[in-house]
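The values are calculated or read from the model by the stated rules, or taken from the named source; none is laboratory data. A quick note: this is a predicted structure, and the numbers were derived from the prediction, not measured. In this analysis, Cβ positions are derived from the backbone assuming ideal geometry, glycine residues included, and neighbour counts consider all displayed protein chains. Just so you know, the surface numbers come from the protein's heavy atoms only, side chains and all, with ligands and any DNA or RNA stripped out. Shrake-Rupley method; radii C 1.70, N 1.55, O 1.52, S 1.80 Å.
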Amino acid sequence: MNIGIDRINFYVPKYYVDMAKLAEARQVDPNKFLIGIGQTEMAVSPVNQDIVSMGANAAKDIITDEDKKNIGMVIVATESAIDNAKAAAVQIHHLLGIQPFARCFEMKEACYAATPAIQLAKDYLAQRPNEKVLVIASDTARYGINSGGEPTQGAGAVAMMISHEPSILKLNDDAVAYTEGVYDFWRPTGHKYPLVAGALSKDAYIKSFQESWNEYARRQGKSLSDFESLCFHVPFTKMGKKALDSIIDNADETTQERLKSGYEDAVYYNRYVGNIYTGSLYLSLISLLETRDLKGDQTIGLFSYGSGSVGEFFSATLVDGFDKHLDIEGHKSLLNNRTEVSVEEYESFFKRFDDLDFNHEIEQSNEDKDIYYLKDIQEDIREYHIPE
Ligand code: COA
């Protein structure tokens, strides 16, 4: 059956901080952030962009009026939920005006949840030829000012329309998931920021990748040369590279070169956004599709990872003419037209986001009128601006 990604889009907030300046402020050698971690800029969330508005902003440009009648399920994957009961998918369903007879819910397993959401969408659609599923990965990655994880923060959302006869990527029936109980990163309820064992999280990621990949290769009888490119979960661009390096020696030289240069294209956008948790793998996929010269029928391997931990390796095949369904110019302009904030301004945004210090005068700016944003919070009820 031919089911996969028919449309894909991302949204990131309009502010960023320069990583070299952050390093200077933290009295760290800038090369640690720029090269050691591999991040150049980091998206900074204003208080009026939460996971709901970012998710709606990512989805609005890939949904037609016809789609709104055919979407049977909306799934939001997140690990920075704004509510422990009401699903962000219900809020986004409302904001986008999707037909009411739809299943809407949130999924969680650290940075992994968008992947089971896609697989669930695929299984759901197998029985429903006329429906579509909207999958959104939306997160604000926050570790705290001056914390060890600070250089691996970020914010953003990716939206994907999963359908029959997709225009971009066909999802293959080959996914292998690997679960192992490990406390590498977790956020008990009530904690503002996650608890993280940094070094363990890097080792757990690599182990999960190797286990998923080896089992995948064994079951499918595949080797690295079968893939045009590989995409990884990217908490920071050095992380996926470490995983790739851990197995690359098993490939011939041509494959090694192709996969290494493909990796650089695949993390190009992530380098300027930072970690967006659940959406990071899919931002990397967009970066690959929009930066590299690819053709229909080529196979992309994807590795998804969520601390805790669950990893999954799966593949997708490019559809002829996929490039006509991407918004390369829109994405480049979204990234290039952002405003740089100083380290002090970033800290002030960060604290206001924490305290939900909501100031109507500051938050409601005219330049935001074409996007969704959080307009007000009254008695813990969030009200959003809906673009015309
Ligand atoms: N020039 C170039 N590289 C430098 C450097 C310099 N001046 N100083 C340090 N580095 C390198 C280190 O060698 C290291 O590279 P390596 O991992 O290839 O050895 C890298 O920069 C990071 O240094 P490290 O000492 O590990 O940094 P840290 O203790 O500050 O922790 C993280 C980094 C990513 C673990 C931390 O930011 C974190 O916990 N992030 C959140 C969790 C996370 O994202 N986990 C990933 C798996 S999900």
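Brief remarks on what is shown
- Per residue Cα convex hull volume in Å³ - calculated over the range 244-388: 191 Å³
- The base-10 log of I(q)/I(0) for the chain, evaluated at q = 0.12 Å⁻¹, reads -0.88 [Debye formula, identical scatterers on Cα atoms, solvent excluded].
- Along its three principal directions, the equivalent ellipsoid of the range 1-135 from the Cα gyration tensor extends over semi-axes of 34, 16, 14 Å, largest first.
- Relative contact order [Cα under 8 Å, 6+ residues apart], the chain, whole percent: 25 percent
- Simple spin-label estimate for residue 343 and residue 215 in nanometres, 7 Å along Cα-Cβ: 4.3 nm
- The loop-placed trypsin sites (Lys or Arg not before Pro) in the range 257-306, going by DSSP, that have at most 14 neighbouring Cβ atoms within 10 Å of their Cβ come out as 295.
- Each stretch of four or more DSSP H residues adds -39500 (n - 2.57); spread over every residue of the chain, this sum gives -10500 deg cm²/dmol at 222 nm.
- For the residues 254, 152, a 1.4 Å probe over the protein chains yields an accessible-area ranking, largest first, of 254, 152.
- Mean shadow area of the range 139-217, taken as a quarter of the surface of its Cα convex hull (nm²): 7.7 nm²
- Percent of beta bridges antiparallel (DSSP, the chain, rounded to nearest 5): 70 percent
- Phi-based couplings in Hz for the range 20-37 (Karplus 6.51, -1.76, 1.60; Gly and Pro marked x): 5, 6, 5, 4, 4, 5, 9, 6, 10, 4, x, 5, 5, 6, 6, 10, x, 9
- Whether the range 95-250 is rounded, prolate or oblate, judged on the alpha carbon gyration tensor where a/c under 1.5 counts as rounded: oblate
- Annotation note: chymotrypsin sites (Phe, Trp or Tyr not before Pro) in the range 90-133 located in DSSP loop regions with a Cβ neighbour count of at most 12 within 10 Å are 101.
- Accessible area of the range 1-118 belonging to carbon and sulfur atoms, whole % at 1.4 Å probe: 50 percent
- Lysines with Cα under 29 Å of residue 260, excluding same-chain neighbours fewer than 8 positions away: 21, 32, 170, 202, 207, 222, 238, 241, 242, 295, 324, 332
- Treating r as the C-beta distance of residue 351 and residue 197 and R0 as 22 Å, the FRET efficiency rounds to 0.30.
- Using the Cβ of residue 326 as centre and a radius below 15 Å, the other residues enclosed give a net charge of -4, where K and R count +1 and D and E count -1.
- Its Cα gyration tensor gives the range 1-70 an equivalent ellipsoid; the semi-axes, largest first and in whole Å, are 36, 16, 7.
- Surface accessible to a 1.4 Å probe, per residue, for the residues of the chain, Å²: 42 Å²
- 18 Å tail of the calculated P(r), the range 163-287, as % of Cα pairs: 60 percent
- Coarse-grained scattering of the range 105-168 at q = 0.22 Å⁻¹, given as base-10 log I(q)/I(0) from a Debye sum over alpha-carbon atoms: -0.92
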